[in-house]
Amino acid sequence: MDETTATSDEHQTARSSMWGGRFSGGPAAIMEQINASIDFDRRLYRQDIAGSKAHCRMLIETGIIDRADGEAILNGLDQVLQEIVEGRFVFKTALEDIHMNVESRLREIIGPAAGRLHTARSRNDQVATDFRLWTRDAIDDLDRAAAALQQALIAQAEAHADAVMPGFTHLQSAQPVTFGHHMLAYVEMLGRDRGRLRDARARLNECPLGSAALAGTGFPIDRAMTAAALGFDRPTANSLDAVSDRDFAIELLAAASLCVMHLSRLAEEMVIWTSAQFGFVRLSDGFSTGSSIMPQKRNPDAAELIRAKTGRVYGNLTGLLTVMKGLPLAYSKDMQEDKEPVFETVDTLMLCLAAMTGMVSEMTVNRDRLAAAAGAGFSTATDIADWLVRALGMPFRDAHHVTGAIVRLAEDRGVGLEDLSLADLQSVEPRITAGLRLDPTGSAASRASQGGTAPDRVRAACSDARARFLTPEAGP
């Protein structure tokens, strides 16, 4: 039997097994459809079974259930897990969710003893525990994926620590920077993303199990035992909060939204840089697509899709915030809508991180094209102002005014700053000497302040980034 062939009698049997004698009739078909969550919460099966095993062992050790029944439950749960992993388990919509699907199959395997497993717990604390366990695992996966992208960015930064390119503000040429310096900016963004994920992980790592429906339980349970068994730092402090809290899910969505925003910014630059007008980088064939009509095209579709998927992640955050905003304590069925946005966001962000890691790792940097563009737009103008301050002791505001006049002279003549002769420069400020040099490479090399773009600084920053983000000590 599967969810499409279950009869109304079977629906009634399922309802009775879950809710006892309170209801005499089965659910309406549309009620079953809107109420069931098994189509998506089946992803929690590992966490659900792990939580049930920890709960069962605690019930045994505290004498709440006898050891024979407890061992039968543990062995039966292992069989259920094996059936799910091997694809032999039949999920039933009539049983609503992963919890009742597992418990129902457990009863088929070991008989009435399965009913003892739910002693001193509710589906409310059960799902809260399962979801925290799943979210914790997801955060660890995302952290590793973000670290892999950082590694790819650092590798490109080291390889191109001295590749001069235009730095932009307002997407206008501003000052020469190095390509390595540009890559490291994204390493820092991802470092903050990983920090937010870890902060969220630390806050969620409390165990709701034992809170029962909302008020705790009268059974002599050992909540510290189950919390430790599941890798939590401690049990939750308040049973009402424990079963109704989804801050941990919202925090993950918020952290994911910031992370995917950073990926979208890099994706946008990939789109710009791969265009014929820029030609700064070339994506590998593995991360490019063609056109059905224009054979010359190499489209950065992966970057464009990352850019687009950002909206989906933002929408999931807004959606879950909206679900939670009006709920009184404690649990409400509205909270069943918490998992799909989190599952989808994690899937989406993992895909985007993997795609971006592939693009960055395999992209080819056109150093000549970067260098040719580095001096465009009078990008070394600030170097003139700085030289006037250093060499002539001119106040910076005065130096800024003189430099503006020099830029206007070059603009009127249709040449770059580096094309002006010493006599041209002295026509604006007679004290300028041949010591003023205006090449983009020298400009970038001069920016040797901490956190600056000078090649030596970039190489040192690469080593520092590896130590901060990619060593075992930096792990979750």
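The values are calculated or read from the model by the stated rules, or taken from the named source; none is laboratory data. Nothing here was measured: the structure is a model prediction, and the numbers come from that model. Methodologically, a virtual Cβ is constructed for each residue, glycine included, from the backbone with ideal geometry; neighbour enumeration extends over all protein chains shown. Quick note on the areas: whole protein, heavy atoms, side chains included, nothing else; ligands and nucleic acids left out. Shrake-Rupley method; radii C 1.70, N 1.55, O 1.52, S 1.80 Å.
Expressed in whole Å with the largest first, what are the equivalent ellipsoid semi-axes of the range 113-191 derived from the C-alpha gyration tensor as the square root of 5 times each eigenvalue?
50, 14, 5
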- request: Note the full-extension length gain between A224 and A372 as 0.36 nm times their separation in residues minus their Cα-Cα distance, in nm to one decimal.
  value: 46.8 nm
- line: The answer for T178, listing residues at least 5 apart or on another chain whose modeled amide H is closer than 5 Å to its amide H, is M165
- prompt: How big is D for the chain, in µm² s⁻¹ as a whole number, if Stokes-Einstein is applied with the Kirkwood radius of its Cα pairs at 37 °C and 0.692 mPa s?
  reply: 123 µm²/s
task: Can you sort E337, E206 by 1.4 Å-probe accessible area, starting with the largest?
output: E337, E206
task: Using only protein heavy atoms and a 1.4 Å probe, report how much of H181 is accessible, in Å² to the nearest 10.
output: 50 Å²
statement: Note on the range 377-438: contact order normalised by length, alpha-carbon pairs under 8 Å, 6 or more apart, percent, works out to 35 percent
- line: P(r) of the range 83-142 over all Cα-Cα pairs, 5 Å bins starting at 0, rounded to whole percent, reads 4, 15, 20, 22, 22, 11, 5, 1, 0
message: What percentages make up the Cα-Cα pair-distance distribution of the range 225-324 when the bins are 10 Å wide from 0?
response: 13, 28, 21, 17, 12, 7, 1
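Report the semi-axes of the equivalent ellipsoid for the range 377-438 in whole Å, largest first, where each axis is √(5λ) for an eigenvalue λ of the Cα gyration tensor.
Equivalent ellipsoid semi-axes, largest first: 17, 12, 10 Å.
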Area accessible to solvent at H118, 1.4 Å probe radius, in Å²: 60 Å²
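Under 15 Å from the Cβ of P341, count the other residues' Cβ atoms, weight Lys and Arg +1, Asp and Glu -1, and hand me the total.
Local charge sum for P341: -4.
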message: Heavy atoms of the protein only, probe of 1.4 Å, neighbouring chains included. What is the accessible area of E362 in Å², nearest 10?
response: 90 Å²
field: For the range 412-476 versus the range 110-129, the gap between their alpha-carbon centres in whole angstrom
entry: 65 Å
- prompt: When Rg is the radius of gyration of the Cα atoms in the range 144-187 and Rh is its Kirkwood radius, what does Rg/Rh come to?
  reply: 1.07
task: Give the Rg (one decimal place) followed by the Dmax (whole number) of the range 315-378, computed from C-alpha coordinates and expressed in Å.
output: 22.0, 63
- request: Please tell me the relative contact order of the chain in percent, rounded to the nearest whole number, where contacts are Cα pairs under 8 Å and at least six residues apart.
  value: 17 percent
- prompt: Cβ under 13 Å from I110's Cβ, I110 left aside: what net charge do those residues give with Lys, Arg +1 and Asp, Glu -1?
  reply: -2
message: Given a Förster distance of 51 Å, report the FRET efficiency between A276 and Q33 from their Cβ-Cβ distance, rounded to the nearest 0.05.
response: 0.50
message: Checking the table K92/K309; K309/K339; K53/K333; K92/K339 against a 27 Å threshold on Cα-Cα, which pairs fail?
response: K92/K309
query: What spacing in nm lies between the two simple spin-label points modelled at E71 and R468, each 7 Å away from Cα in the Cβ direction?
result: 5.5 nm
Cα radius of gyration and Dmax for the range 29-116 (Å): 13.5, 43
query: Dipole magnitude of the range 377-438 about its Cα centre, charges +1 at Lys/Arg Cβ and -1 at Asp/Glu Cβ only, in debye to the nearest 20?
result: 180 debye
message: P(r) for the range 289-424, please, calculated from all Cα pair distances in 5 Å bins and given in %.
response: 2, 8, 10, 9, 9, 7, 7, 8, 10, 10, 8, 6, 4, 2, 1, 0
DSSP-defined beta bridges in the chain - what % are antiparallel, rounded to 5: 80 percent
query: Once Rh for the range 352-476 is found with the Kirkwood sum over Cα pairs, what is the Stokes-Einstein diffusion coefficient at 25 °C and 0.890 mPa s, in µm²/s?
result: 141 µm²/s
task: Let me know the Kirkwood hydrodynamic radius for the range 421-462, please, with Cα pairs as the basis and the value in Å to one decimal.
output: 11.9 Å
